[in-house]
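Participant: A single structure is presented below for examination.
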Amino acid sequence: MTTRARDTLPTHDVLNQPPERGDIDLWTSDPVLQGCVNRAKGRVDPLAAYGRALGTAQTQEAARDANRNAPELRLFDTGGRRLDEVRFHPAYHQLILLSQSAGYAALPWDSQPGGHATHAAMVYMASQIEPGHCCPLTMTYAAVPVLKADANIAQRWVPKLTAHTYDPAIQPIAQKHGATLGMAMTEKQGGSDIRANTTTAVRDGDQWRLRGHKWFCSAPMSDGFLTLAQAPGGLTCFLVPRWLEGERNAIHLMRLKDKLGNRANASAEIEYHDALAYQLGDEGAGIRTILEMVHHTRLDTAMAPAGLMRAALSSAHHWVCHRSAFQRRLIDQPLMCAVLSDLILDWEGALTLGMRVAQAFDGQTPENRAFARISVALAKFLNNKRCPVVVVEAMEVLGGMGYVEDTPLPLLYREAPLNGIWEGSGNVICLDILRTLAREPLASEVLQAELEIARGTDRAYDAALQAYRAQWPGLPSEPEARWFAERTALLLTASLLLRNAPSAVADGFIATRLTGDNGRVPGSVRGLDTDALLARLG
Ligand SMILES: Cc1cc2nc3c(=O)[nH]c(=O)nc-3n(C[C@H](O)[C@H](O)[C@H](O)COP(=O)(O)OP(=O)(O)OC[C@H]3O[C@@H](n4cnc5c(N)ncnc54)[C@H](O)[C@@H]3O)c2cc1C
C-alpha cells in the first residue's frame, strides 16, 4: 500500500479529481469479455492470469516508459562497423516477455482447443495497456502457419516462435530460447499492390540472395522476416533470417519511421544487400503463401480496436463516476449517459464480432474456414472505422485532462487509426470482401446462414435484413463497396448480439445502427436503456 498523495496544498485542497486507478484486473473487470470467451471456448486460466498481470499499476507504468522512451536506431558501433540494431527501453522487453510467457503467439498452435479465441482475447487485453509491443508478437503468431509449409524450416523455427518465452539476444535461431518474426512486404512504389514489388531474388545453391528495399518493416529486431521478392518464376515468398552463424545477414536498416503512434514499437525502412533467404512455398506463389500470414494478422487487427475502445471507455467511466459538474456527478447527467451508452454499443459490438471471428479460426471445417475468411475482413473494416470515433469521444468525456498525457487517452488516440491502415486499408479490405464473395460461394453461404440464424427473433432486425437483401440482391458495384461492407458487418454484429447479449444491447444496436432515426455524431440517439448499457462496462 503506497502512502496517499498529499491533497491539502498551501493554496487549495484537491477536490473533484478522480482517484488514480491503481491495479485493474482486465479479466475480472470485464464480464462481456468473459461471456465472449466462454462462447468461443477460449481458455480461462491463462486469460485470467494475463489480465491480472497486464493491468497492474507496475505494468501500466512499464507501458508508459516504453512509449515515452522511443526506440533508438544504432547503425554503427564506435569504430564505424555496421550494427543495424535498434535499442529499446527495458520496459519494452519486459512487456514482450510478459505477453510471450502468457502464450500470446504460442497458444493457437499447441493443438489444444480454443487457441485462437484465447489469443484474440489476449490481443484485446494487451491493446488496452500497450499496443506497440503487440506488433512483433502478432507477426510471430501469424507467421507460424506459413513456416509450417516447409518441414525443415518449421522444425528449426516454430518451436522457438512458440516457446512461451522471449529472448532478445543477437544470435542465430539455433542458439536462442525464443524468437520473433516480422513481415516485410510493403515497398515504396507498390504498397497495397504487392505485385509491383521490385526486390529481386537470385539463387545461391539451395538458398537465395535478395536485393532491394522495403519501405515499411516493423519490428526490425525480429529474428527473421517473411518477405516477397521477384524470382525468375515470379513473386515468391522467402524467410530472411536476421542473424547468421557468426555474422549479420545483409539487412541494412536505413531509418526508423517517425510515427504518429505505436511509439514503443520500431518501424524501419530496410534494404537487402544480397541478404541470404530461404524459399517458402512454390516459386511464383509468393502472394498466396504470404496471404496465410496476412489472414492471421487480420484477426489481431480486428480485435485490437475493441481493446482500444474498451480502454478508452473504461477510463471515461472511471472519470464520470468521480467527477461532478454543475453540482451533479457526470455519471448522473442524462446527456453524458446517452453519449457513453452509444459508444458502449460500438465497443460491445466490436468485441462480440471479433471473438466470433476468432472462434471460426479455431474451427477445422471448410465452413469455419470460409466464415473466418469473410468475417475477419468485415470485422477489421467495421471495428476500425468505429474505433477512432469512440476514442475521440471518450477523450472528450475526460474534458481537458483527456488531452493530457497523464491519462491513457492520448496514447489510445494515436493508436486508434493504425489497425485500419496496415494489413489492408479500408478500401482494399472492402474490395477484398467483394472478391471473396464473388469467388467463394461457400463464404457467401456461411455468411448468409449466420445472418439468417437471428431472423424471426426481432422485427426490426428482420426488416433491416430484408432491406439489405433488396438493396443488394447480388454484389454491389465498386463505389458502393464500403456501404455494403458496413451494412453487412452491422447486420452480422446485430445477429450475434441478438443471440448473445441482453436486449438493451441488441435492441439499442439495431435501433441506432440499422433502423432508427438518429444523427451521425455519437450520442445523437434516443430511447437507449442507459442504465443497462453502462452496467455492461462492469
Ligand atoms: C506503423 C506502420 C507499420 C507498418 N509495418 C509494416 C510491416 O511491418 N511490414 C509491411 O510489409 N508493411 C508495413 N506497413 C505498411 C502498411 O501495411 C501499408 O502502409 C498499407 O498496407 C497501405 O499501403 P500503402 O501505404 O502503400 O498505401 P497505398 O497502397 O498507396 O494505398 C493508399 C490508399 O489507397 C487505397 N487504395 C488502394 N487500392 C485501392 C483501390 N483499388 N481502390 C480504392 N482505393 C484503393 C488504400 O485503401 C489506401 O487508403 C506499416 C504501416 C504502418 C503505418
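The values are calculated or read from the model by the stated rules, or taken from the named source; none is laboratory data. Everything numeric in this text was worked out from a predicted model, so none of it was measured. Using ideal geometry, Cβ is built from the backbone for each residue, glycine included, and neighbour counts are taken over all protein chains shown. Heads up: the accessible areas ignore ligands, DNA and RNA and are worked out on the full protein's heavy atoms, side chains in. Shrake-Rupley method; radii C 1.70, N 1.55, O 1.52, S 1.80 Å.
Participant: Pick out, from Met336, Thr289, Ala311, the residue whose Cα sits farthest towards the positive end of the charge dipole of the range 288-371, with +1 on the Cβ of Lys and Arg and -1 on the Cβ of Asp and Glu.
Facilitator: My answer, from the dipole projection, is Met336.
Participant: Something else now. I'd like the chymotrypsin sites (Phe, Trp or Tyr not before Pro) in the range 324-386 restricted to DSSP loop residues with at most 14 other Cβ atoms within 10 Å, sorted by number. Present the calculation step by step, with values, prior to reporting the outcome.
Facilitator: Details: sites: Phe326, Trp347, Phe361, Phe371, Phe381; in loops: Phe326.
Taking the range 324-386 and a limit of 14 other Cβ atoms within 10 Å, the loop chymotrypsin sites (Phe, Trp or Tyr not before Pro) found are Phe326.
Participant: Pairs to check: Lys41/Lys259; Lys257/Lys380; Lys176/Lys380. Give those whose C-alpha atoms are more than 28 Å from each other in this structure. Please list the in-between numbers first.
Facilitator: On the way: Lys41/Lys259 37 Å; Lys257/Lys380 24 Å; Lys176/Lys380 34 Å.
Among Lys41/Lys259; Lys257/Lys380; Lys176/Lys380, the Cα-Cα distance tops 28 Å for Lys41/Lys259; Lys176/Lys380.
Participant: Now for a separate question. Per residue of the chain, what 222 nm ellipticity follows from adding -39500 (n - 2.57) for every DSSP H run with n ≥ 4, rounded to the nearest 500?
Facilitator: Working: 18 runs with 272 residues, N = 538.
The helix-only estimate for the chain comes to -16500 deg cm²/dmol at 222 nm.
Participant: Zone of Thr28 (label point 7 Å along Cα→Cβ, backbone N under 18 Å): which residues in the range 50-89?
Facilitator: Answer for this model: 50-60.
Participant: Got a sec to turn the phi values of the range 70-87 into Karplus ³J(HN,Hα) couplings, 6.51 cos²θ - 1.76 cosθ + 1.60 with θ = phi - 60°, whole Hz, x for Gly and Pro?
Facilitator: Each residue's phi maps through the Karplus curve to give 4, x, 10, 7, 10, 7, 10, 8, 4, x, x, 7, 6, 9, 6, 10, 10, 9 Hz.
Participant: Here is a further query. Using packing as a proxy for protection, rank 191-197, 516-522 so that the peptide with the highest average count of other Cβ atoms within 10 Å comes first. Don't skip to the end; give the middle numbers.
Facilitator: Values: 191-197: 14.3, 516-522: 12.6.
Going by the mean number of other Cβ atoms within 10 Å, highest first, we get 191-197, 516-522.
Participant: Classify the range 137-220 as rounded, prolate or oblate from the Cα gyration tensor: take a ≥ b ≥ c as the square roots of its eigenvalues, call it rounded if a/c is under 1.5, otherwise prolate when a/b beats b/c and oblate if not.
Facilitator: Details: a/c = 1.97, a/b = 1.52, b/c = 1.29.
The shape class here is prolate.
Participant: Can you tell me the accessible area per residue over the range 1-110, all protein chains present, probe 1.4 angstrom, in square angstrom? Intermediate values should be presented prior to the final figure.
Facilitator: On the way: 6330 Å² over 110 residues.
So the range 1-110 comes to 58 Å² accessible per residue, rounded to a whole number.
Participant: Can you send over the carbon and sulfur percentage of the accessible area for the chain, probe radius 1.4 Å, protein chains only?
Facilitator: On the way: 11740 of 22880 Å².
Here it works out to 51 percent.
Participant: Find out how many positive minus negative residues lie around Gln17, taking Lys and Arg as positive, Asp and Glu as negative, among other residues whose Cβ is under 14 Å from that of Gln17. Can you show the working numbers first?
Facilitator: Details: positive: Arg4, Arg6, Arg21, Arg323, Arg329; negative: Asp7, Asp13, Glu20, Asp406.
Here the charged neighbours net out to +1.
Participant: Once a ≥ b ≥ c are taken as the square roots of the eigenvalues of the Cα gyration tensor of the range 257-319, is the result rounded (a/c under 1.5), prolate (a/b larger than b/c) or oblate (a/b not larger than b/c)?
Facilitator: Numbers: a/c = 5.32, a/b = 1.90, b/c = 2.79.
Note, shape of the range 257-319 comes out oblate.
Participant: Further, regarding this structure: From the phi angles alone, apply the Karplus equation (6.51, -1.76, 1.60; θ = phi - 60°) to the range 350-365 and give each ³J(HN,Hα) in whole Hz, x where the residue is Gly or Pro.
Facilitator: Residue by residue, the range 350-365 yields 5, 5, 5, 5, x, 6, 5, 4, 4, 4, 5, 4, 6, x, 10, 7 Hz.
Participant: Can you run phi through the Karplus equation (6.51, -1.76, 1.60; θ = phi - 60°) for the range 185-195 and list ³J(HN,Hα) in whole Hz, with x for Gly and Pro?
Facilitator: 10, 5, 10, 4, 7, x, x, 4, 8, 6, 5
Participant: Same structure, new question: So who's got an amide H within less than 5 Å of the one on Asp274, skipping anything under 5 residues away but keeping other chains? H placed 1.01 Å off N, in plane.
Facilitator: Hits under the 5 Å cutoff: Leu210, Arg211, Gly212.
Participant: Considering the convex hull of the alpha carbon atoms of the range 171-299, report its projected area averaged over all viewing directions, in nm², one decimal. Before the final figure, lay out the partial values.
Facilitator: Working: hull surface 33.3 nm².
Mean projected area for the range 171-299: 8.3 nm², to one decimal.
Participant: Related question: With the other protein chains left in place, how much accessible area per residue, in square angstrom, belongs to the range 409-538 at a 1.4 angstrom probe? Numbers along the way, then the final one.
Facilitator: Values: 6190 Å² over 130 residues.
Heavy-atom accessible area per residue stands at 48 Å².
Participant: Oh, and also: So in the range 105-257, what percent of DSSP beta bridges are antiparallel if you round to the nearest 5? Intermediate values should be presented prior to the final figure.
Facilitator: Working: 15 of 20 bridges.
Among the beta bridges of the range 105-257, antiparallel pairing accounts for roughly 75 percent.
Participant: Round to the nearest 10 and give me the degree value, 0 to 90, for the angle of helix 57-68's Cα axis relative to the longest principal axis of the chain.
Facilitator: On a 0 to 90 degree scale, this one is about 60.
Participant: Label the chain by shape, choosing from rounded, prolate and oblate, from the square roots a ≥ b ≥ c of the eigenvalues of the Cα gyration tensor; if a/c is under 1.5 it is rounded, and otherwise prolate applies when a/b is larger than b/c, oblate when it is not.
Facilitator: On the way: a/c = 1.99, a/b = 1.26, b/c = 1.57.
It is oblate, given that a/c is not under 1.5 and a/b is not larger than b/c.
Participant: Continuing with this model, one more query. Among Met185, Ile433, Pro241, which residue has its Cα positioned farthest towards the positive end of the charge dipole of the chain, with +1 placed on the Cβ of Lys and Arg, -1 on the Cβ of Asp and Glu, and the dipole taken about the Cα centre?
Facilitator: Looking along the dipole axis, the top candidate is Met185.
Participant: Taking the range 1-106, which GluC sites (Glu not before Pro) meet the DSSP loop condition and have no more than 14 other C-beta atoms within 10 Å? Write down the numbers at each step before the final one.
Facilitator: Values: sites: Glu20, Glu61, Glu72, Glu85; in loops: Glu20.
Within the range 1-106, the qualifying GluC sites (Glu not before Pro) (loop, at most 14 other Cβ atoms within 10 Å) are Glu20.
Participant: Looking at the chain, send over the antiparallel percent of its DSSP beta bridges, to the nearest 5.
Facilitator: On the way: 39 of 44 bridges.
Of all bridge pairs located within the chain, approximately 90 percent are antiparallel.
Participant: Please list, in chain and number order, the residues 5+ apart from Leu83 or on another chain whose amide H is under 5 Å from its amide H, with Hs placed from the backbone.
Facilitator: The answer is Phe76, Asp77.
Participant: Which angle from 0 to 90°, rounded to the nearest 10, does the C-alpha axis of helix 503-513 make with the longest principal axis of the chain?
Facilitator: For 503-513 against the chain, the angle is about 70 degrees.
Participant: Another one. Take the Cβ-Cβ distance between Met401 and Arg211 as r, set R0 to 41 Å, and report the resulting FRET efficiency rounded to the nearest 0.05. Spell out each step's value before the answer.
Facilitator: Details: r = 51 Å, r/R0 = 1.25.
That pair, Met401 with Arg211, gives E of 0.20.
Participant: How much length is gained if the chain between Gln364 and Arg499 is pulled fully straight, taking 0.36 nm per residue apart and subtracting their Cα-Cα distance, in nm to one decimal? Display every interim value, and only then the final one.
Facilitator: Values: separation 135, 0.36 × 135 = 48.60 nm, distance 2.31 nm.
Working it through step by step, the gained length comes to 46.3 nm.
Participant: Evaluate the charge dipole of the chain about its Cα centre and quote only its size in Debye, nearest 20, assuming +1 on the Cβ of each Lys and Arg and -1 on the Cβ of each Asp and Glu.
Facilitator: Values: 54 positive and 58 negative charges, 48 e Å.
That gives a dipole near 240 debye.
Participant: Set the Förster radius R0 to 60 Å, insert the Cβ-Cβ distance between Arg329 and Arg203 as r into 1/(1 + (r/R0)^6), and round the FRET efficiency to 0.05. Mind dumping the intermediate values first?
Facilitator: Working: r = 70 Å, r/R0 = 1.17.
So, using R0 = 60 Å, E works out to roughly 0.30.
Participant: I would also like to ask the following. Find the Rg to Rh ratio for the range 1-82, where Rh is the Kirkwood radius over alpha-carbon pairs and Rg uses the same atoms.
Facilitator: Values: Rg = 20.9 Å, Rh = 17.1 Å.
On the Cα set of the range 1-82, Rg over Rh gives 1.22.
Participant: Using Cα atoms only, what is the angle between the long axis of helix 481-500 and the major principal axis of the chain, expressed in degrees (0 to 90) to the nearest 10?
Facilitator: 60
Participant: Within 10 Å, count the other beta carbons around each residue, average over each peptide in 450-463, 422-435, and list them highest first. Kindly include the intermediate steps, with their values, before the conclusion.
Facilitator: Numbers: 450-463: 15.1, 422-435: 19.0.
Highest-to-lowest ranking by the protection proxy: 422-435, 450-463.
Participant: Would you mind getting the accessible area per residue of the range 315-407, heavy atoms of the protein chains only, 1.4 Å probe, in Å²?
Facilitator: 37
Participant: Sort 206-217, 166-177 by packing, meaning the average of other beta carbons within 10 Å per residue, with the highest value first. Working shown, then result.
Facilitator: Numbers: 206-217: 19.1, 166-177: 15.2.
Descending packing order for the listed peptides: 206-217, 166-177.
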